[in-house]
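Report on one structure; see the data block that follows.
The values are calculated or read from the model by the stated rules, or taken from the named source; none is laboratory data. A quick note: this is a predicted structure, and the numbers were derived from the prediction, not measured. Glycine gets a Cβ as well: all are built from the backbone with ideal geometry, and neighbour counts include every protein chain shown. Remember, those area values only see protein heavy atoms, side chains included, never the ligands or the DNA or RNA. Shrake-Rupley method; radii C 1.70, N 1.55, O 1.52, S 1.80 Å.
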Protein chains: 2
Amino acid sequence: MEKLSPLQIERLKYQPKLPSSLSKGINSLEMSEGSATQSVRDQEQIQNLFKNTYGKPVVTFKNTSSSNLSEVRNVGVILSGGQAPGGHNVIAGLYDALKSANSANKLYGFLGGPSGIIEGKYVEFTDEFMDAYRNTGGFDIIGSGRTKLETEEQFKSSLEVCKKLNLSAVVIIGGDDSNTNAALLAEWFVQNNTGIQVIGCPKTIDGDLKNDQIEISFGFDTATKTYAELIGNIQRDANSAKKYWHFVKIMGRSASHVALEAALQTQPNITLISEEVEEKKMSLESIISYMCDIIVRRSNAGKNFGIAIVPEGLIEFIPEMKSMISNLNDVMANMEKEGVAVSFEAVESRLEASNAKVYSSLPTLIKSQLLADRDPHGNVQVSKIETEKLLIEMISAKLNEMKSEGSFSGKFNAQSHFFGYEGRCAFPSNFDADYCYSLGYNAFALINFGLTGYLSSVRNLTQPACEWIAGGIPLTMMMNMEKRHGEMKPVIQKALVKLEGPVFKQLEQNREEWAMNDRYLFPGAIQYFGPSCVCDVTTCTLQLERAKALASV
Amino acid sequence: MEKLSPLQIERLKYQPKLPSSLSKGINSLEMSEGSATQSVRDQEQIQNLFKNTYGKPVVTFKNTSSSNLSEVRNVGVILSGGQAPGGHNVIAGLYDALKSANSANKLYGFLGGPSGIIEGKYVEFTDEFMDAYRNTGGFDIIGSGRTKLETEEQFKSSLEVCKKLNLSAVVIIGGDDSNTNAALLAEWFVQNNTGIQVIGCPKTIDGDLKNDQIEISFGFDTATKTYAELIGNIQRDANSAKKYWHFVKIMGRSASHVALEAALQTQPNITLISEEVEEKKMSLESIISYMCDIIVRRSNAGKNFGIAIVPEGLIEFIPEMKSMISNLNDVMANMEKEGVAVSFEAVESRLEASNAKVYSSLPTLIKSQLLADRDPHGNVQVSKIETEKLLIEMISAKLNEMKSEGSFSGKFNAQSHFFGYEGRCAFPSNFDADYCYSLGYNAFALINFGLTGYLSSVRNLTQPACEWIAGGIPLTMMMNMEKRHGEMKPVIQKALVKLEGPVFKQLEQNREEWAMNDRYLFPGAIQYFGPSCVCDVTTCTLQLERAKALASV
């Protein structure tokens, strides 16, 4: 027997909660349909691209006393993209629903992400295999990958594999891009009369796959709680030692939802939000000034310590940096073509004057990082730029200047941190364990009612699980046309932080108070057992958004 | 009312467990004395320096049916040095014991560490004040500091403050250095007939304050569990994504106990132990070879991912680096005196040939860091050297070489992490909450029996708390003479990892298996409620050491 940690052993026994509508089982459901739907924008184009799957109704499940017999169905499941806590539970919910509907049903897991369905690499789930992964973090059960499912050739290969396994349906667990791919595959399967259905499940710790129909993607709850645990611990340390400013960069490639949620859970002194920086067209200099102002005022109050939260994507939301990086990508590509050696000077001489000025103003470390790490397309890997160190260096320089001018007399010692990988594979919180299990269970309900091109939807999430509402949302309903690699494509709209929304407002209304008067909260480690007020409460983001949504009804 | 996190609110209510010997209260104790003790080494010199407090017996408490009345006593308490989870509970135990002995007793907290007693900065504890900090992390209740209490002048100032507050005793919560200071102060107080007692409490997450009498210092349990949580999460991520090697540097300034314990809890692919590197006189090159060998073998098995644990102090245990850094400190000091500009070339030209060679072989980033951050004594701040990145860069270089020679055909992409501040102020685990409360409670028992120059001792820690053995150890018993800043001084012996000990053996016996076959354990977040097998189990280190100690009895 493999050795397991005590928590692993105990968590395997946890029975996730289901919405009461699903709790009588798959064969005792009835489905109600809403009216025809529209995409969020570009209706004509989206409809044209999704001739067969566009305009379907939102559906909702209720349980019924009558029991339907279910035909035999085999289903394949894919984990797509970055890890998020709870992925294993989506599969567990799907597996349990499928087996409870008909014990002859089979669930196959495609290995290593979407490439698994293309290349025909899979595993069949058994009770024993499934049971070893219940309520655990990670995507290691079948692995994940970033292959995009979008070409005719890929669809054809996938079809061959599906036919071989006699699949009725494929469930794709992924973020906005993966679910866009799910919609394309669903449409293609209908168009080609394959009879194979495709259902998506909303995954991403980034929290940017949400809209009027999807309250939150899974994983956001656990990941933000993990980061908040660490930020809280560091705040307590800062407040005890009183000698360091801690700069904490938080994962979230583009949107700042994760940083914002972590901030609401911990109430740090400074929180930067990329969307605000972009909307207010803040320059790097103005960000540094804003931070220095708080650092100086705290220092004047005798506090040479504090915490600043920085979203990972920040740098690309600063207008002058965005422009410089875009220019730099072209310059670097040309230099490579021409075989010119890369150096600070060579790069500066080729950048446009305004961009060269921005580039040359950066600390050496950052200038190097901008030249060093390029992605396969030759672009700067913004995620590898140590923005937290950039800010520390520039703030140090400014404070040293102020010191020599006599306008700062305090101390500024900083520590930097970056949290991302620490939270993507944590044991899912009770919320995520329950939500994911419900999403998976519900995905099979959608399959059983013959739907395709739908996203599994579980709503009313701030209420106890028994009151959650299960159903499905047509994927096309969340789409619009956006430019990708120079081409207009149908994509699911990404949700950025809304400055007029209740979550950002909560920060805005409190940040001056948090800046000066240490209102640190210490969330501590995620608890799986114990009082419900500790174990079963979801994020501030979801609570604030739901409260606002309910108030506006 | 101040806003608190749900876990904060619930943890304030937790009632820490006490050894049954202490559970009937301070006034129902009897003390038994062992025979006279000796210091671990240098007995004559230590005795000479501690004429009044040397040679005292180990004492143990039992409860008794008779109840002694206790005279009124005021006590002062100091938090000294770096934060460790449970410090607040030591104070809570002390406070509860003191108040239960006589409600007229008073507890004062000196603010900001040892400087508080010198400068007379303090606060008086009340029920309300104390209750707000029970079972919480951090040292923010009264703050901590790194002032050394060792000069005659400091002792005199402290005495004045103690007299003003009418103190019977001072409790110093600290690591080996702070407890050495406690011993000096205790001796001075006796020598000067002040009647004021001094009791120490063993604190440090580093785990290096332990010996035959002290099973473990407090904070080690919680801090290592917090780091293990994060390492486990990252392992799950690595094993899901299968594309990164994660290099995790773990706090612990000198000894590798923390890295070793975190490794036993998570079973990573590679664990470096500083003490082994030193004992086996491993060069940086041989460390890189060792790591590359595992990386290549895993890659050959199709695994271009893994986890490596690196202790913070590593660099100083590599003989050639130690020599180079020592030489560099002198060179830099001279250059500063002479007003010579610091550059890589200037430094290399002044280093001894062998050291210059080592220096010039390092990656640019590390060469810069070695020149950039100096401590107040002008020495390299080794804790700021990014050893994890040093290893990544050198491994990358070697693998690229191997690639061009055809002996490596895999991929090596790495992420680096450093965990330290994340764990020093976590909510104490149940173990640390109980242990610390018992240490504080017991400290007052030692005071009440008139002892001075003792360390509060709670033993038998792998058994349930009710079976723990409470008593006291003469501080001089743990001392020897060591060179500090060029002078021989009496100090408490620091415990390094013993290569022949059961803890290192556990790693050594398993590391080849863990290197190749992913035996990752996922400890998850510390649990405070729920099954005892999850919530109340202490570290592998303590369990292995106790098992060996008991077996050898």
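Observations
- Extension gain, A:Asn510-A:Glu153: 0.36 nm per intervening residue step, less the Cα-Cα distance, totals 123.2 nm.
- Around the Cα centre of the range B:340-390, unit charges on the Cβ atoms of Lys, Arg, Asp and Glu (plus for the first two, minus for the last two) sum to a dipole of about 40 debye.
- Put simply, the convex hull of the Cα atoms in chain B casts, on average, a shadow of 27.8 nm².
- Residue separation of B:Leu4 and B:Lys322 scaled by 0.36 nm, minus their Cα-Cα distance, works out to 109.8 nm of gained length.
- Surface accessible to a 1.4 Å probe, B:Trp188 within the full protein complex, Å²: 20
- Measuring nothing but protein heavy atoms, the accessible surface of the protein assembly as shown at 1.4 Å probe radius is 48 percent carbon and sulfur.
- Nearest residue to the symmetry axis between B and A, taken on chain B by its Cβ, in whole Å: B:Ala525, 2
- On a per residue basis, the protein assembly as shown carries 37 Å² of accessible surface, using protein heavy atoms and a 1.4 Å probe.
- Set of aspartates and glutamates near B:Lys242 by C-alpha distance (under 13 Å), chain-local residues within fewer than 8 positions excluded: A:Asp140, B:Asp518
- Rg to Rh, two decimals, where the range A:57-159 supplies the alpha carbon set and Rh follows Kirkwood: 1.01
- Alpha-carbon radius of gyration plus Dmax, which is the widest Cα pair, for the protein assembly as shown in Å: 30.8, 98
- Size estimate for the range B:295-360 follows the Kirkwood approach: the inverse of mean 1/r over distinct Cα pairs works out to 14.3 Å.
- Other protein chain Cβ atoms within 10 Å, averaged over every residue that makes up A:137-146: 5
- For the set A:His88, B:His377, the ranking by accessible area, highest first and with no ligand, DNA or RNA atoms included, is B:His377, A:His88 under a 1.4 Å probe.
- Cα-based radius of gyration of the range B:508-553 once divided by 2.2 N^0.38 Å, which approximates compact folds: 1.53
- Based on DSSP H segments of at least four residues, each scored -39500 (n - 2.57), chain B has a per-residue ellipticity at 222 nm of -13500 deg cm²/dmol.
- Distance from the alpha carbon centroid of the range A:367-400 to that of the range B:436-465 works out to 51 angstrom.
- Computed over the range A:1-139, the alpha-carbon pair-distance distribution with 5 angstrom bins reads 2, 8, 13, 14, 16, 18, 15, 8, 3, 2, 1, 0, each value a whole percent.
- For the chain pair A and B, buried accessible area totals roughly 4800 Å², probe 1.4 Å, rounded to the nearest 100.
- Placing unit charges on the Cβ atoms only, positive for Lys and Arg and negative for Asp and Glu, gives the range B:380-460 a dipole magnitude near 40 debye about its Cα centre.
- From the largest down, the range B:394-461 spans 73, 25, 21 angstrom on the principal axes of its Cα atoms.
- Sequence-distant lysines (8 or more away, or on other chains) whose Cα lies within less than 20 Å of A:Lys489: A:Lys51, A:Lys148, A:Lys210
- Dipole of the range A:402-471, positive end: most advanced residue of A:Phe427, A:Phe449, A:Gln415 [Cβ charges, Cα centre]: A:Gln415
- Charge dipole (Cα centre; +1 on Lys/Arg Cβ, -1 on Asp/Glu Cβ; no other charges) of the protein assembly as shown amounts to roughly 1020 debye.
- The mean number of partner chain beta-carbon atoms within 10 angstrom of a residue's beta-carbon across peptide B:75-83 is 1.
- Within the same chain, lysines fewer than 8 places from B:Lys24 are excluded, and of the rest, those with a Cα less than 20 Å from its Cα are B:Lys62, B:Lys99.
- When the listed pairs B:Lys249/B:Lys322; A:Lys17/B:Lys225; A:Lys17/A:Lys498; B:Lys281/B:Lys411 are checked against a 25 Å cut-off, the alpha-carbon distance exceeds it for A:Lys17/B:Lys225; A:Lys17/A:Lys498; B:Lys281/B:Lys411.
- When only Cα pairs below 8 angstrom with a gap of at least 6 residues are kept, the range A:35-99 shows a relative contact order of 26 percent.
- Share, in percent, of DSSP beta bridges within the protein assembly as shown that are antiparallel, nearest 5: 40
- Of A:Lys164/B:Lys303; B:Lys280/B:Lys483; B:Lys367/B:Lys389, those spanning more than 18 Å from alpha-carbon to alpha-carbon: A:Lys164/B:Lys303; B:Lys280/B:Lys483
- Alpha-carbon centroids, the range B:38-86 and the range A:148-165: separation in whole Å: 75
- Exposure rank, largest accessible area first [B:Asp293, A:Asp432; 1.4 Å]: B:Asp293, A:Asp432
- For the range A:328-416, fraction of C-alpha pairs farther apart than 20 Å, in %: 46
- Distance (nanometres) between label positions extended 7 Å along Cα→Cβ at A:Lys483 and B:Gln47: 8.8
- Length-normalised contact order of chain B in % [C-alpha pairs under 8 Å, at least 6 apart]: 23
- Dipole axis of the protein assembly as shown (+1 Lys, Arg; -1 Asp, Glu on Cβ), positive-most option in B:Asn102, B:Tyr359, A:Gln43: B:Asn102
- Within 10 Å of the Cβ of each residue in B:416-422, the mean number of Cβ atoms contributed by other protein chains is 6.
- Among the protein heavy atoms, those of B:Lys13 account for about 130 Å² of accessible surface (1.4 Å probe, every chain in place).
- Nearest-10 value in Å² for the accessible area of A:Phe317, using the 1.4 Å probe: 20
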